[in-house]
Amino acid sequence: MKITIIAGARPNFIKIAPIIKAIEKKQNEESNVSYRLVHTGQHYDKNLSDTFFEELNIPKPNSNLEVKSGSQAEQTGAIMVAFEKELLQNPCDLVLVVGDVNSTMACAIVAKKQNIKVAHVEAGIRSGDMTMPEEINRIVTDSITDYFFTTSTSASENLLKYGVEATNIHFVGNVMIDTLYQNLNRIFEPLFWNEYQLKTGNYIILTLHRPSNVDEEQSLIQLLEGIDTMADGKKVIFPIHPRTKAILGETNLMLKNILFVEPQGYLNFMYLIKNSFAVITDSGGISEETTVMGIPCFTMRNNTERPETQTIGTNTLVGTSIENLEKLFADFIKNGKRKAGIPELWDGKASERIIDILLQK
Ligand code: UDP
């Protein structure tokens with residue numbers, strides 16, 4: 001079986017790493033499986049792309065479509081045009097897409113129109129929020145996927161509700177957590193650890209990049225000022241996403257506790273999360289990682305497509321207002337960590353399950 005694997009953005013790189021390892025393991029066992037890795041070039045900054053390939057030992061892509069940034073339509077269109085040519089020149093039996101970025105949807109459409117089977121890893125998750133570009137990518141991708149690999153039973157149930165045949169839905173666990181388990185003994189402190197006098201439990205991690213939090217400069221500033229005051233002497237390490245950085249531009253903020261740092265590589269970032277007091281974020285992936293590491297996570301969104309991080313894990317859904325965050329954070333300081341568990345099958349073996357299932361097709 002010839003599989004073309006698509007990756008375009010930071011969270012994709014983290015998800016494909018263990019899938020490639022699982023394929024290579026099968027190749028060593030002399031299974032008839034090969035892969036071609038296509039990087040669409042959606043994320044191209046060194047610290048959002050190359051660093052992840054190096055740290056996670058992901059092989060150099062066979063092809064880089066180099067689409068770079070653009071509006072939603074420009075980027076999606078550019079990926080489709082470039083991937084159509086790539087796929088015609090390099091036919092395969094299956095295109096495997098992960099997550100919910102524009103590359104996921106664009107490449108699924110192109111593959112399907114060439115009558116090539118599509119596998120979607122992280123299928124079926126839904127926020128119900130159609131203002132999120134990712135939700136549209138999820139719905140479109142799942143409407144043409146052949147093999148659905150899910151991270152939770154609720155994702156599988158969503159797919160059943162949409163009319164997907166049960167035999168095509170495979171609840172396998174979470175590839176992002178495979179990567180976490182494969183690298184936990186390699187994580188290390190960033191260079192600024194001593195300079196900023198960081199110690200286990202004496203700082204908060206903050207990440208913000210979703211349009212609902214960062215696109216309006218004044219509300220972003222208000223949010224940052226509110227978090228800075230709320231931190232009450234605890235340092236807040238803020239690896240700033242290029243999108244958020246572009247919006248803040250040269251704005252001079254008078255912040256006492258928030259320290260801006262570059263987006264972190266995976267190994268430094270996991271070290272920072274694992275040793276933090278708490279995390280404030282609008283990321284979906286981070287709410288999964290904090291769940292597994294037992295770190296309290298406050299999600300600055302009105303909804304989540306990963307409900308198990310709330311019901312089983314450490315995630316608290318805050319909404320986007322600073323007042324709610326202050327209230328929920330104060331409750332946490334008063335009551336301490338709540339008891340949390342790890343969702344079913346988030347055991348580091350999802351990628352192997354996926355490849356085993358695909359090889360039976
Ligand atoms: N991440 C990282 N360095 C950072 C911020 C995030 O390695 O400075 C990792 C994070 O741990 C998670 C992934 O990038 O594994 C999530 O990316 P992002 O928040 O961009 O995407 P989302 O999860 O919201 O789709």
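Derivation of every value follows stated rules applied to the coordinates shown; laboratory data play no part. This is a predicted model, so every value here is computed, not measured. Quick reminder, even Gly has a Cβ in these numbers, built from the backbone with ideal geometry, and neighbours come from all protein chains shown.
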Skipping prolines and chain starts, which residues have an amide H placed within reach, meaning under 5 Å, of the one on SER276, given they are 5 or more residues away or on another chain? GLY201
About its Cα centre, how strong a charge dipole does segment 78-187 have in debye, to the nearest 20, once Lys and Arg get +1 and Asp and Glu get -1 at the Cβ? 140 debye
Given the options ILE286, ILE79, ILE312, state which has the largest fluctuation in a GNM of the chain using a 10 Å cut-off (strictly under) for Cα springs. ILE312
Fewest Cβ neighbours within 10 Å first, please rank MET293, MET130 accordingly. MET130, MET293
Taking the Cα centre of the chain as origin, sum charge times position over the Cβ atoms of Lys and Arg (+1) and Asp and Glu (-1), and report the length of that vector in debye to the nearest 20. 500 debye
What distance in nm separates the two pseudo spin-label positions at TYR196 and MET254, each 7 Å out from Cα along the beta-carbon direction? 2.3 nm
Select from ILE333, ILE116, ILE139 the residue whose mean-square fluctuation is largest in a Gaussian network model of the chain (Cα-Cα springs shorter than 10 Å). ILE333
Rel. contact order, % - alpha carbon contacts under 8 angstrom, at least six apart, segment 113-267: 17 percent
Return the single residue from THR320, THR141, THR200 with maximal mean-square fluctuation; model: Gaussian network over the chain, springs between Cα atoms under 10 Å. THR200
Which residues among segment 285-312 fall inside the zone where the amide N is under 13 Å from a point 7 Å beyond the Cα of LYS161, along Cα→Cβ? 304-307
Restricting to Cα pairs below 8 Å that are 6+ residues apart, what does the relative contact order work out to for segment 1-159? Please round to a whole percent. 22 percent
Net charge near ALA330, counting Lys/Arg +1 and Asp/Glu -1 over other residues with Cβ under 13 Å of its Cβ? -2
Whole-Hz Karplus couplings 3J(HN,Hα) for segment 37-52, θ = phi - 60° and coefficients 6.51, -1.76, 1.60, Gly and Pro as x, run 9, 10, 9, 7, x, 4, 9, 10, 4, 3, 7, 10, 10, 3, 4, 6
With an 8 Å cut-off on Cα pairs and a minimum separation of 6 or more residues, tell me the relative contact order of the chain in percent. 16 percent
Rounded to the nearest 500, what is the chain's calculated 222 nm mean residue ellipticity when only DSSP H runs of at least 4 contribute -39500 (n - 2.57) each, over all residues? -13000 deg cm²/dmol
Output the pairs from LYS46/LYS327; LYS15/LYS337; LYS2/LYS274; LYS85/LYS161; LYS60/LYS349 with a Cα-Cα distance over 30 Å in this structure; if there are none, say none. LYS46/LYS327; LYS2/LYS274; LYS85/LYS161
